[in-house]
Amino acid sequence: MPVDQKFWLLVSLKLSGEATPEELAQLDLLVAQDPELKAQEQLLASIWHTKQQASGVSKEDALSKHLVRLQQLQKTAEPQEAPPAPVQGAAKRWYWLAAAALVFGCFAGVKYLYNANGYTSDPLASHVYTVKPGQRMKIQLPDGTGVWLNAGSKMSYAGDFKGEKREVQLSGEAFFDVAADKNRPFIIHTHTIDLRVLGTAFNIRSYEDERETEAALVRGAVEVTLRNDPGKKIILKPKEKILVNSCRNDSAVYTLTGPKSTEESPLIVLSKIRYWGRDSSNNLESAWVKNRLVFDKETLDNIAGKIERWYNVQINITDSGLNEATYTGVFENEKLEEVLEALRLTGGFHYSINGNTVTINRK
């Protein structure tokens with residue numbers, strides 16, 4: 001039996017509770033030999049438990065409905081048959097084996113991605129990770145690279161990650177600890193910049209609804225290329241960061257750190273990453289990886305965007321004049337009310353919370 005098909009069979013038996021100790025040991029051995037199988041097992045387990053808890057139906061019914069959904073993704077012209085009825089007794093194990101075979105067949109013909117709502121097709125990427133507001137996710141890529149995704153982020157890559165280049169698409173914020181491989185560069189594509197590395201650790205923030213894209217290098221080296229001016233390349237050194245104005249389309253003119261000299265933000269600003277305390281690992285740019293919400297001389301409008309993603313709420317600021325003040329602070333494991341109260345004491349505004357909506361106005 002091919003390894004992939006055997007993997008699907010073993011995972012199906014494990015999720016159904018029908019796997020023997022020997023079969024569980026076989027599954028563990030397959031996963032240990034191929035890190036990508038571990039990610040697929042976690043993916044299936046997440047979907048299985050999410051769907052089952054949401055629907056409150058039996059395992060057999062849940063799988064039957066899921067199989068029908070997978071078959072529909074193939075867009076075949078043949079009419080869909082009704083899902084098989086639950087089986088009992090000795091035939092139950094054969095049911096799961098047959099179901100796993102069907103799942104394997106469906107997945108072999110359909111490129112897939114996982115988000116909070118389950119599977120959907122994607123013509124360009126075979127692996128897509130989407131993180132909802134209020135959540136964060138840690139992923140290990142097939143090459144051993146560790147990725148932390150912040151709230152409201154999406155990362156994708158195509159294929160088996162075994163080609164000449166390792167490439168991912170990112171929208172949002174992520175911290176990468178890239179596995180070193182001098183023969184295969186690691187490339188991150190965003191809507192504003194591309195980053196090319198071999199082995200390094202850095203944070204990148206590139207939300208499509210924000211004015212700036214930021215990349216902060218912890219160690220190693222990063223080559224930054226502007227999407228609208230690929231001829232200009234900038235090399236970041238450790239403890240440096242780059243800010244790129246996402247709203248400008250002119251040529252790459254950049255400044256060193258310092259106050260802005262004109263009303264219009266420069267296209268590129270190079271500066272140093274910032275720290276708090278005496279621990280050199282506590283940089284502000286990637287503090288979110290340690291579950292710390294950081295504001296560094298930011299306006300209330302910028303802070304509102306971070307709070308919305310962090311706590312999965314909507315913030316309405318009724319007076320634009322409140323954005324004239326800036327705020328600095330580090331919050332760790334604080335509730336929404338505690339963060340808002342600390343900001344209120346500093347800024348002198350009033351806030352109210354109604355469900356998942358926060359309204360901020362003057363006193």
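Going through the stretch 1-24 one residue at a time, which ones are modelled with pLDDT under 75 and touching a Lys or Arg at 6+ places or on another chain (Cβ under 7 Å)?
16, 18
Just one of 212, 164 is out of contact with any Phe, Trp or Tyr (no Cβ under 8 Å at 6 or more places or on another chain) and more than 24 Å from residue 239 (Cβ to Cβ); which is it?
It is 164.
How about the stretch 145-242: which strands (runs of 3 or more DSSP E) wholly inside it have at least 2 residues that are within 27 Å of residue 305 (Cα to Cα)?
Fully inside the stretch 145-242 and qualifying: 146-149, 154-157, 166-177, 186-189, 193-197, 201-206, 212-219, 222-226.
Please go through the stretch 153-170 and give me each residue that is in contact with a Lys or Arg (Cβ under 7 Å, 6 or more places away or on another chain) and modelled with pLDDT of 95 or more, ordered by number.
Answer for the stretch 153-170, where residues must be in contact with a Lys or Arg (Cβ under 7 Å, 6 or more places away or on another chain) and modelled with pLDDT of 95 or more: there is none.
In the stretch 194-212, how many residues are more than 16 Å from residue 302 (Cβ to Cβ) and among the acidic types (Asp, Glu)?
1
Which of the numbered conditions does residue 27 fail, given that it passes all the others? Conditions: (1) modelled with pLDDT of 75 or more; (2) under 25 Å from the mean Cα position of the chain (by Cα).
Exception for residue 27: condition (2).
Conditions tested, residue by residue: (1) in the same structural domain as residue 209 (by TED's automatic domain parsing); (2) closer than 30 Å to residue 344 by Cα; (3) modelled with pLDDT under 90.
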position: 227; (1), (2), (3): yes, no, yes
position: 245; (1), (2), (3): yes, yes, yes
position: 252; (1), (2), (3): yes, no, yes
position: 279; (1), (2), (3): no, yes, yes
position: 317; (1), (2), (3): no, yes, no
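Tally up the residues in the stretch 142-181 that are closer than 20 Å to residue 31 by Cβ and in contact (Cβ under 8 Å) with a residue 60 or more places away in the chain, please.
Count: 4.
Which pairs turn up if I take residues in the stretch 277-290 that are of a type outside the set (A, V, I, L, M, F, W, C) and in a loop (DSSP other than H, G, I, E, B) and look for partners that are at pLDDT 80 or above and buried (at least 16 other Cβ atoms within 10 Å of the Cβ) with beta carbon separation below 6 Å, at least 6 apart in sequence or on another chain?
Correct list of pairs: 285/203; 285/216; 285/273; 286/175; 286/203.
State the number of residues belonging to the stretch 173-184 that are under 19 Å from residue 210 (Cβ atoms) and in contact with a Lys or Arg (Cβ under 6 Å, 6 or more places away or on another chain).
Count: 1.
What pairs can you find where one residue is in the stretch 211-238 and over 20 Å from residue 171 (Cβ atoms), the other is at pLDDT below 90 and polar (S, T, N, Q), and their Cβ atoms are less than 8 Å apart, with a gap of 6+ or different chains?
From the stretch 211-238, the pairs are 218/283; 229/251; 232/251.
Of everything in the stretch 291-301, what is touching a residue at least 40 places away in the same chain (Cβ under 8 Å), within 17 Å of residue 152 (Cβ to Cβ) and not in a strand (DSSP E or B)? Give them in sequence order.
291 - this is the single residue of the stretch 291-301 that is touching a residue at least 40 places away in the same chain (Cβ under 8 Å), within 17 Å of residue 152 (Cβ to Cβ) and not in a strand (DSSP E or B).
Would you mind finding the one in 256, 267 that is more than 17 Å from residue 210 (Cα to Cα), at pLDDT below 90 and not polar (S, T, N, Q)?
Selected residue: 256, the only one of 256, 267 that is more than 17 Å from residue 210 (Cα to Cα), at pLDDT below 90 and not polar (S, T, N, Q).
Can you give me the number of residues within the stretch 305-342 that are in contact (Cβ under 8 Å) with a residue 40 or more places away in the chain, more than 24 Å from residue 153 (Cβ to Cβ) and of a type in the set (A, V, I, L, M)?
1
Take the conditions over 20 Å from residue 292 (Cβ atoms) and in contact (Cβ under 8 Å) with a residue 40 or more places away in the chain and apply them to residue 361. Does it pass?
For residue 361, the condition - over 20 Å from residue 292 (Cβ atoms) and in contact (Cβ under 8 Å) with a residue 40 or more places away in the chain - is met.
The values are calculated or read from the model by the stated rules, or taken from the named source; none is laboratory data. None of these values were measured; they are calculated from a predicted model. Note that we place each Cβ from the backbone using ideal geometry, even for glycine, and neighbour counts take in every protein chain shown.
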